[in-house]
1. Does the range A:52-65 contain any residue that is exposed (fewer than 14 other Cβ atoms within 10 Å of the Cβ), at the interface with chain B (Cβ under 9 Å from one of its Cβ atoms) and part of a helix (DSSP H, G or I)?
2. Just the residues that are touching a strand residue (DSSP E or B) at 6+ places or on another chain (Cβ under 7 Å) and closer than 12 Å to residue B:68 by Cβ, please, taken from the range A:34-65.
3. Mind telling me which of the residues B:19, B:82, B:29 ends up being modelled with pLDDT of 90 or more and touching a helix residue (DSSP H, G or I) at 6+ places or on another chain (Cβ under 9 Å)?
4. I need the full set of residues from the range A:17-36 which are crowded, with 22+ Cβ neighbours inside 10 Å and among the basic types (Lys, Arg), in order please.
5. Scan the range A:14-35 residue by residue and report those that are within 7 Å of chain B (Cβ to nearest Cβ) and polar (S, T, N, Q).
6. Given the criteria within 24 Å of residue B:19 (Cα to Cα) and either in contact (Cβ under 8 Å) with a residue 24 or more places away in the chain or in contact with a strand residue (DSSP E or B) (Cβ under 7 Å, 6 or more places away or on another chain) (or both), does residue A:2 qualify?
7. For residue B:126, are the conditions met, namely being surrounded by 12 or more Cβ atoms within 10 Å (Cβ to Cβ) and at pLDDT below 85?
8. Going by the conditions given, is residue A:33 of a type in the set (Val, Ile, Thr) and more than 9 Å from the chain's Cα centre (by Cα)?
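The values are calculated or read from the model by the stated rules, or taken from the named source; none is laboratory data. Bear in mind the structure is a predicted one, so any value in this text is a computation, not a measurement. Here Cβ is always computed from backbone atoms with ideal geometry, including for glycine, and neighbour counts include all displayed protein chains.
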Amino acid sequence: MKNTLKVLRAMNNWSQADLAERLDVSRQAVNAIETGKYDPSLPLAFKIARLFGQNIEEIFDDECE
Amino acid sequence: MTPSINKGATGAKAAKRYFLHIDISTALFVATIATKMTLGSASAVTGLAAVGLLIAMGLAITGGPRDEFARHSWHRGTAAAFITMLVLFVALPFAAGFMDGFMEAMRDSPQANGAFVTEDDYADTALFLAMAAFFAAFQWSRFAGGRM
């Protein structure tokens with residue numbers, strides 16, 4: 001699943017570790033989500049959306065796979 | 001706009017520790033296999049590596065909450081280990097004939113010096129193969145997302 005997490009993170013000038021800390025997950029998890037290797041659970045997707053003040057579908061695109 | 005959310009570092013730190021323990025376990029597993037093959041099972045170095053592996057795995061298992069990606073990787077690893085055990089032990093009866101021939105060949109080989117390869121050796125190998133499958137699947141899941 002494609003997503004704009006890396007762009008959103010860059011816009012806030014956060015490292016993967018910074019974002020991981022804010023989401024309460026590991027840096028490896030952030031890296032895996034950003035690179036599309038791992039799809040987050042719905043609760044984590046909501047948490048990401050809330051963190052960036054966007055809707056889930058604005059961040060995650062399920063039609064690109 | 002700077003997004004605001006409370007930082008909850010406990011899960012992130014626990015997951016970081018967890019991945020560290022699994023990485024140490026992976027390295028110690030490889031070290032255990034390597035020393036077992038080169039120095040033998042009775043070697044102190046092999047024993048130390050095996051004890052270190054058990055401690056690191058114990059710390060990983062009991063180390064508190066993990067994040068969902070760590071759980072995902074763990075499940076990939078345990079599924080691979082379980083499938084390996086199933087294949088090896090279901091296939092064991094079918095492989096018995098092969099093993100008999102293998103053991104006979106080992107017993108008669110000049111290197112064996114009459115030593116006998118028992119079914120314990122097969123179980124021992126199966127255990128190591130299952131652990132190898134766990135670590136391979138875990139690291140594969142971690143670095144490649146587990147996708148083929």
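1. no
2. Across the range A:34-65, the qualifying residue is only A:45.
3. Every option except B:29 fails the conditions.
4. A:22
5. Answer for the range A:14-35, where residues must be within 7 Å of chain B (Cβ to nearest Cβ) and polar (S, T, N, Q): A:26, A:28.
6. no
7. When the stated conditions are applied, residue B:126 passes them.
8. no
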